[in-house]
Amino acid sequence: MYELRGVTKRYTRGKPTVHALDGVDLTIGDGDRLVIQGPTGGGKSTLLQMLGGLDKPTEGSVELDGTDLAKLSEAKLTRVRSENIGFVFQSFNLIPTLTAQENVETALVPLGVKTGERRERAAQALESVGLGERLRHLPSEMSGGQQQRVAIARALVKRPKVLLADEPTGNLDESMRDEIMDVLERLWKEHGLTFVMVTHDSSIAKKAPRLVTIRKGRVTVTERDARGALS
């Protein structure tokens, strides 16, 4: 479970100070699925970075299972990210000279997983996203949707508790967007993940059980009732 209390992030750009986050309080339960929306520059990606331990707040606390990420050393924070948090980004971030299987295996290297087990787990992860026949293909030999599936497999191969996605469908057309969302939602259910996603796409936000809207660093949380209406 995440507990954010009074999370503020300030950036000084020249003379003016920008409040990317301004006193954010937010609870995210185990197994939750929520979407973060808001205008460009409103703090969406900053909030996701706080959840992933990629940045630390100027003030406040970001607790994951009772551990304040803001107070961890970089070495301990790296370990938490490696073991507990999977990331999926808009730009895929695949290594062009590695095959799909090798790209997925890279997530297991920091965990000290042996070569044979790495290969087996990577193959299983790719099979779970529908790429069991693409293990030896390079990113340049795959479509954008297939590359994003590899990125999802890489995020999940280490068996994290949390999946954080920053505009994962931003580079895809509408039909491929729907396919990737189907994959993400299926894996969320199968693995019991806590799934947090930033998106500009209102059609995706409309299906989320919880919606976090962030404007000028402040958040509003709404939830869907049994009929699917936000309250």
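The values are calculated or read from the model by the stated rules, or taken from the named source; none is laboratory data. In this text, all values refer to a predicted model and were calculated from it rather than measured experimentally. No Cβ is skipped: glycine too gets one built from the backbone with ideal geometry, and neighbour counts run over all protein chains shown.
Are any residues in the range 83-119 part of a helix (DSSP H, G or I) and surrounded by fewer than 16 Cβ atoms within 10 Å (Cβ to Cβ), and if so, which ones? Give the derivation first.
In the first step, residues of the range 83-119 are kept if they are part of a helix (DSSP H, G or I); the result is 83-84, 100-105, 109-111, 115-119.
Selection gives 83, 109, 110, 111, 115, 116, 117.
A search for C-beta distances below 8 Å between a residue of the range 66-83 that is farther than 23 Å from residue 6 by Cβ and any residue that is loosely packed, with under 15 Cβ neighbours inside 10 Å and of a type outside the set (Asp, Glu), counting only pairs 6+ apart in sequence or on different chains, returns 78/110; 82/110; 82/111; 83/111. Would you confirm whether or not the range 57-75 contains a residue that is within 21 Å of the chain's Cα centre (by Cα), within 28 Å of residue 146 (Cβ to Cβ), modelled with pLDDT under 95 and outside any loop (DSSP other than H, G, I, E, B)? No, because not a single residue in the range 57-75 is within 21 Å of the chain's Cα centre (by Cα), within 28 Å of residue 146 (Cβ to Cβ), modelled with pLDDT under 95 and outside any loop (DSSP other than H, G, I, E, B). Look at residue 170 and say whether it is touching a residue at least 60 places away in the same chain (Cβ under 8 Å) and not in a helix (DSSP H, G or I). It is true that residue 170 is touching a residue at least 60 places away in the same chain (Cβ under 8 Å) and not in a helix (DSSP H, G or I).
Each row is one residue, and each column tells you yes or no for (1) modelled with pLDDT of 90 or more; (2) within 11 Å of residue 36 (Cα to Cα).
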{"residue": "184", "(1), (2)": "yes, no"}
{"residue": "193", "(1), (2)": "yes, no"}
{"residue": "207", "(1), (2)": "no, no"}
{"residue": "214", "(1), (2)": "yes, yes"}
